[in-house]
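Below is one structure, written out as structure tokens, with a few remarks after it.
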Amino acid sequence: MKKFMNLRLVLTLTLVAMFLNSCNQLAGTEKTSAYLFTYFIGNNPGEESIRYAISTDGFNYTALNNNEPIVENEDISGTGGVRDPHLIRSNDGKTFYMVVTDLYVPEMGWQNYAMILMKSNDLINWTSSIINIPETFPETFSEVYRVWAPQTIYDEKVDKYMVYFSMKEGDDPDKIYYAYANKDFTGLESEPKQLYYPPANSDNKACIDGDIIYLNGKYHLFHKAEDGNPGIKLAISDKLTEGYELVSNDRVDEATDPVEGSGIFKLNDTGEYILMYDLYTKGGYQFTKSKDLEKFTVIDEDISMNFHPRHGSVLPITETELKSLVAEFTSFENPLFEVGSDDVVKQNVAVYAQQKEIRLPVKNGISLEEFDPQLKSYPGTTITPVGAQNFSKGPVDYTIQIDGKGKQTYNVTAAGDHNPAIKGYYADPEILFSNKKNKYYIYPTSDGFNNWSGTYFKTFSSTNLVDWTDEGTILDLKKDVSWADRNAWAPCIIERKEGDSYKYYYYFTAAQKIGVAVSDNPTGPFIDSGKPLIDAKPKGITNGQEIDPDVFKDPKSGKTYLYWGNMYMAVAELNDDMVSLKSNTLKLITPDKSYREGTEVFYRDGTYYFMWSEDDTRSPNYKVRYATSKSPTGPLEIPENNIIIQADKTLEILATGHNSVIHVPGKDEWYLVYHRFTHPKGKSMGREAGFHREVSIDKLTFDKDGFINEVIPTLEGIAPLLIAQ
């Protein structure tokens, strides 16, 4: 009996010990409740570096460290640049592994030889090792000259971490390989083996950017296939290291543009997955959602980011890890917060750290007397006050506190800003008042595409120059134009009364040539003439481009002129058909060395005004100058002070250029319509700001002698106006 009681006591104590040990294990295991996005931002100097952004919901991301690198390239890279960061948590949850491409495009082009293995216990401090494939495996891979986009996955069968990546050697296509990392994650255990074999009937067997996730007993390998239908494809296997078969030749991604850089992750506490990918020719990123990894739905409207990522990955993290990252990578110069109110134009929220000011642009018609911007803090920070505030009488003081760093008060302004006039990325705005419709129309370049690669034109209408309606696409190069299918830029338009009806002649740039399309309505449809109107340089011109048309009817002679040019200003008279140039009328009237592009001509009180843009559209100093003349074809006279508009660096309104001018019918009232870098993100986007631009409108005034007063760019824009009936 005593032996039985002792046995029962031992069993009870054992169970208690097991329970307590289990509780201790659970106490040390924290659920993931947030997300860490790691990425790079571009191909230019300073852009190929590892950056972080955080999210509490997987949809809305905020850059850490002011969108600057979280580790210095010189500490980890052999080339000076790193790309394609992929981050995972170790199987025991104690370590983080990151792998990146070791490549510096400005010096190396698209050739490289190495990847980098990185290890951290806190996501902040990293150790790293460079793995140069030709040097490490000279007998088998000495001819390799591309080692791209590595990723890591844990193989529980062998208790090792498998690194997989694409390589190219000789004339062979890019192939996806794998190898196991050593125990310290400082090298590869053995030479790489090919992981995925595309179908034998593929037009092009090149495959890059592998991305594996496990679901329902299967390994799903998303990858970019460079076959006859290039895009993100899916191959599946029941084994990690072999047997992958392509599910379909159809693209898994939902994009119509070229894509790369698949990034798949599971949302916390749901059965849903996010597949994101890099729209690398468009300068964008697309997010899709799925429950089964087969059918994906685009959710771009649910996504917000205050940065522009390239090929990256997302890792679910805990609240403790989030607090640690916030404490390390945020500051009062760049405070972290989210704006929850849909009445705020989130893309244009600006923080002026030096002035300790925050500006919240609100949508038209929103009352500011009891307005709640719903400023949300991240774990590790607090923001007060909360709830509705009275912004109608001026700024409201908000205090942001960061754990371990103290607190700071900011003057927060909520304002009904009318700039940008059109929401989204648009540039090179042409404006028209239509007598037929009694409305204003803006005809811009569709912007936001990498390297100005847009292929369609839209128009927007308004009765008051403030509230604009998207009238849709009016000309699509790929569908409507036979002689060019790229670089849809800088259009202009003129309305002409012909008998009892109106005609609209729309001149546009396509593939560095100038064409013309015609319609009976300002919103189209426009029919292209079938050939370029201008496709060669004027005699004597050896540089520049045939772009940026401007059309002008001389009110004195009734003649119509077309102006164009980049690095030169040319003019020629249009024939009465409006789709051809009159012989022997071409003339060069370049004003001076400040002329770059974007001619705009108008007439007021006996004077012809000629405007143009100076500098490069990628430069924050892009600005507008002007000259005057007594004739629509020159000669031009340049006033002593001839700047029309230039950057306001205090408000961070940058690259104010490529404008048009509108005259309010029946009044001596004029407005300047121009583009700027997207505000405020453009200040830190580098060259990409040059194709992420926004349309703005400010008032244009003249002095008593007819000289133009310099326009100061504003965020407020103009007040709504009424059309003279």
Task: Whichever residue in the range 602-636 is of a type in the set (S, T, N, Q) and crowded, with 22+ Cβ neighbours inside 10 Å and, among such residues, is farthest from Lys683 (Cα to Cα) - done: Ser613
TODO: Considering every residue within the range 648-671, establish whether at least one is open to solvent by less than 10 Å² (accessible area, probe 1.4 Å), at pLDDT 95 or above, over 20 Å from Gly706 (Cβ atoms) and of a type in the set (A, V, I, L, M).
DONE: yes
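Matching residues to (1) within 34 Å of the chain's Cα centre (by Cα); (2) under 29 Å from Phe707 (Cα atoms):
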site	(1), (2)
Thr523	yes, no
Phe526	yes, no
Pro532	yes, no
Ile547	yes, yes
Lys559	no, yes
Leu562	yes, yes
Tyr568	yes, yes
Val571	no, yes
Arg596	yes, yes
- [ ] Working carefully through the options Lys119, Lys94, find the one that is in a strand (DSSP E or B) and at negative phi.
- [x] Lys119
Task: Pair list, Cβ < 8 Å and 6+ apart or interchain, from the range 111-123 residues that are at pLDDT 95 or above to residues that are in a strand (DSSP E or B) and open to solvent by 60 Å² or more (accessible area, probe 1.4 Å) - done: Ala114/Ile130; Met115/Ile130; Ile116/Ile130; Met118/Thr127; Lys119/Thr127; Ser120/Thr127
Task: Listing of strands (runs of 3 or more DSSP E) fully contained in the range 332-441 that carry 1 or more residues being modelled with pLDDT under 95 - done: 350-352, 381-384, 396-402, 406-415
Open item on the list: All but one of (1) more than 25 Å from Ile527 (Cα to Cα); (2) assigned to a strand (DSSP E or B); (3) polar (S, T, N, Q) hold for Thr617; state the number of the condition that does not hold.
Closed with: (2)
Open item on the list: Can you find a residue that is out of contact with any Ser or Thr (no Cβ under 6 Å at 6 or more places or on another chain), under 30 Å from Lys623 (Cα atoms) and not hydrophobic (A, V, I, L, M, F, W, C) anywhere in the range 374-382?
Closed with: no
- [ ] Sort out which residues of the range 275-302 are open to solvent by less than 20 Å² (accessible area, probe 1.4 Å), within 25 Å of Gly217 (Cβ to Cβ) and among the β-branched types (Val, Ile, Thr), and write them in order of number.
- [x] Thr288
Open item on the list: Of everything in the range 36-48, what is open to solvent by 10 Å² or more (accessible area, probe 1.4 Å) and touching a Pro at 6+ places or on another chain (Cβ under 7 Å)? Give them in sequence order.
Closed with: Ile41, Asn44, Pro45
Open item on the list: If Lys683 meets every condition in (1) open to solvent by 20 Å² or more (accessible area, probe 1.4 Å); (2) assigned to a loop (DSSP other than H, G, I, E, B); (3) in contact with a helix residue (DSSP H, G or I) (Cβ under 9 Å, 6 or more places away or on another chain) apart from one, which number is that one?
Closed with: (2)
- [ ] Considering each of Asp269, Asp292 in turn, give the residue that is out of contact with any His (no Cβ under 8 Å at 6 or more places or on another chain), within 25 Å of Glu338 (Cα to Cα) and in a loop (DSSP other than H, G, I, E, B).
- [x] Asp269
Task: Number of the condition not met by Gly312 [criteria: (1) more than 16 Å from Val396 (Cα to Cα); (2) touching an Asp or Glu at 6+ places or on another chain (Cβ under 7 Å); (3) open to solvent by less than 40 Å² (accessible area, probe 1.4 Å); (4) not in a loop (DSSP other than H, G, I, E, B)] - done: (2)
- [ ] Could you run through the range 551-570 and say how many residues are of a type outside the set (Ser, Thr, Tyr) and in contact (Cβ under 8 Å) with a residue 60 or more places away in the chain?
- [x] 3
Open item on the list: Any residue in the range 245-273 that is under 23 Å from Gly42 (Cα atoms) sitting within a Cβ distance under 7 Å of a residue that is part of a loop (DSSP other than H, G, I, E, B) and of a type in the set (Lys, Arg)? List the pairs, counting only those 6 or more apart or interchain.
Closed with: Asp257/Lys282
Open item on the list: Just the residues that are touching a Phe, Trp or Tyr at 6+ places or on another chain (Cβ under 8 Å), without any contact (Cβ under 8 Å) to a residue 40 or more places away in the chain, hydroxyl-bearing (Ser, Thr, Tyr) and farther than 25 Å from Ile274 by Cα, please, taken from the range 178-222.
Closed with: Tyr180, Ser190
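Could you say which residue among Ser290, Ser341 is more than 24 Å from Gly424 (Cα to Cα) and of a type in the set (S, T, N, Q)? Don't jump to the end; show me each part of the working.
Numbers: Ser341 fails: more than 24 Å from Gly424 (Cα to Cα).
Unique residue meeting the criteria: Ser290.
The values are calculated or read from the model by the stated rules, or taken from the named source; none is laboratory data. Keep in mind it's a predicted model, so treat the numbers as computed, not measured. Using ideal geometry, Cβ is built from the backbone for each residue, glycine included, and neighbour counts are taken over all protein chains shown. Each accessible area value is taken on the protein alone, full model and side chains, heavy atoms only, with ligands, DNA and RNA left out. Shrake-Rupley method; radii C 1.70, N 1.55, O 1.52, S 1.80 Å.
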